[in-house]
Amino acid sequence: MAVYKVSVVVSGGGNYPGAILNLKQEPKVGDVIKLGAEDFVITEVLQLMPPRGDFHFLHVTCRPKAD
């Protein structure tokens, strides 16, 4: 089973800290992720390095989800 190690940065930063997540599904642009109690929309996905076995290393940029 693949594991996606994902570094997360929120555009503009503000009061939103980044995160490092372990996900079971590959994140895609437009997906919604939860950081703490808030939802964020992924705007960019980059591969940091080639996969090693079942581990994939990605970076995503996201923005707060508008209600």
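The table below lists the values:
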{"read-out": "Heavy-atom accessible surface of the range 3-64: percent carbon and sulfur, 1.4 Å", "value": "55"}
{"read-out": "For the chain: relative contact order, % (alpha-carbon pairs under 8 angstrom, 6 or more apart)", "value": "37"}
{"read-out": "The chain - share of DSSP beta bridges that are antiparallel (%, nearest 5)", "value": "70"}
{"read-out": "The chain: equivalent-ellipsoid semi-axes (sqrt of 5 x gyration tensor eigenvalues, Cα, Å)", "value": "21, 11, 10"}
{"read-out": "Virtual spin-label span in nm between residue 63 and residue 38, 7 Å along Cα→Cβ", "value": "1.4"}
{"read-out": "Karplus-derived HN-Hα couplings along the range 34-42 (A = 6.51, B = -1.76, C = 1.60, θ = phi - 60°), whole Hz, x at Gly and Pro", "value": "10, 10, x, 9, 10, 9, 9, 9, 6"}
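The values are calculated or read from the model by the stated rules, or taken from the named source; none is laboratory data. In this text the structure is predicted, and so the values were computed from the model without any measurement. Positions of Cβ are backbone-derived with ideal geometry, glycine not excepted, and every protein chain shown enters the neighbour counts. Accessible surface is based on the protein model in full, side chains and every heavy atom, while ligands, DNA and RNA are left aside. Shrake-Rupley method; radii C 1.70, N 1.55, O 1.52, S 1.80 Å.
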